[in-house]
Amino acid sequence: MTNFEINSVAQVVQPGAVEERRMAAVRRKRWFYMALLVLALVAPLAVYPVFLMKLLCFALFACAFNLLLGYAGLLSFGHAAFLASGGYVTGFLLTQYSGLSTELGILAGTLASALLGLVFGLLAIRRQGIYFAMITLALAQLVFFIYVQAPFTGGENGLHGVPRGYLLGLFDLNNNMTMYYFVLALFVFGFAVIQRTIHSPYGQVLKAIRENEPRAISLGYNVAAHKLLAFVISAALTGLAGSTKTVVFQLASLTDAHWHMSGEVILMTLLGGVGTVVGPLVGATVVVTLQSYLSNGPLGEWVHVILGVIFVICVLLFRVGIVGWVLKLARRNF
């Protein structure tokens, strides 16, 4: 066989091999997600369901934030405003209107956060870097002080006794197991939206904007519109997490609107791995678990200090986060 024939065969075989590797990676990813889903389905048999529901709410919060930071390259210091807005709107409607179903209350909170995200985005999206972060922080603090003064939020006392109600008028959400599977379904829905977004052509444009915005502009993309849509989607999913959290704990408080909460979601995302699909889930699991165990022990007053030390160690030693480091190690050795 001549060299020309060998090269021709290689050119035919190589694309097929690349496609086969891609399909194998897709299959592995599907099996991995199926394993996670099965684990989530049986988890309440071994772990307290309310703790798992809290974990899922914060995991969705972190995944929504990662869509903005990890794939659009936008660092927001004001995402707590969307978490609190979803919770307050849902809590107020379910408390004041007894005939309103739980799913409609959550939907209303999600839409309210999406609308607020649109307002935030229109004001901040044309700025970059630290200027964008500071604008979102200032707007979030404005929302925080509004919630302190507004009568419908209950001020510093918050909204208590938010009814869980019935799902579709049939399933009693006061049962923790029923509520858990409802929260799991909402998380899977939100995670699927994020997954579909980042793997769509729109998601590829977001990555291009993150890597080189001037080049994306030169290619004819409306960068401002793409970033604004990402901001609204992220805000809506954050509102979904906040609304769900309010129903789970039957409480909406100022804690969700404080700038500390915006800092916590940044910690979760960076700890798990920015720009990775499951990184925020891992980061939220670590942070929520540490907070839960440490707050009930002798180190309860040192929770924030310990989390700060972990964050510093992660930044110094695991700059790509836990999941990013594991993926990097796997590529190097396998």
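Considering only region 171-186, I want to know if a residue exists there that is more than 17 Å from GLY86 (Cα to Cα), more than 24 Å from the chain's Cα centre (by Cα) and either assigned to a helix (DSSP H, G or I) or of a type outside the set (S, T, N, Q) (or both).
Among the residues of region 171-186, at least one is more than 17 Å from GLY86 (Cα to Cα), more than 24 Å from the chain's Cα centre (by Cα) and either assigned to a helix (DSSP H, G or I) or of a type outside the set (S, T, N, Q) (or both), which makes the answer yes.
Taking the options ALA80, ALA40, ALA59, ALA84, name whichever one is in contact with a His (Cβ under 8 Å, 6 or more places away or on another chain) and touching a residue at least 60 places away in the same chain (Cβ under 8 Å).
Answer to the selection: ALA80.
Restricting attention to region 219-232, which residues are under 11 Å from LEU206 (Cβ atoms) and out of contact with any Gly (no Cβ under 8 Å at 6 or more places or on another chain)?
Residues satisfying the conditions are TYR221, VAL223, HIS226, LEU229, ALA230.
Residue-by-condition table, conditions (1) touching a helix residue (DSSP H, G or I) at 6+ places or on another chain (Cβ under 7 Å); (2) over 17 Å from GLY272 (Cβ atoms); (3) modelled with pLDDT under 75:
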site	(1), (2), (3)
THR289	no, no, no
TYR293	no, yes, no
PRO298	no, yes, yes
GLU301	no, yes, yes
LEU307	yes, no, no
ILE313	no, no, no
GLY321	yes, no, yes
ARG332	no, yes, yes
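The values are calculated or read from the model by the stated rules, or taken from the named source; none is laboratory data. Keep in mind it's a predicted model, so treat the numbers as computed, not measured. Reconstructed Cβ throughout: ideal geometry from the backbone, glycine too, with neighbour counts over all protein chains shown.
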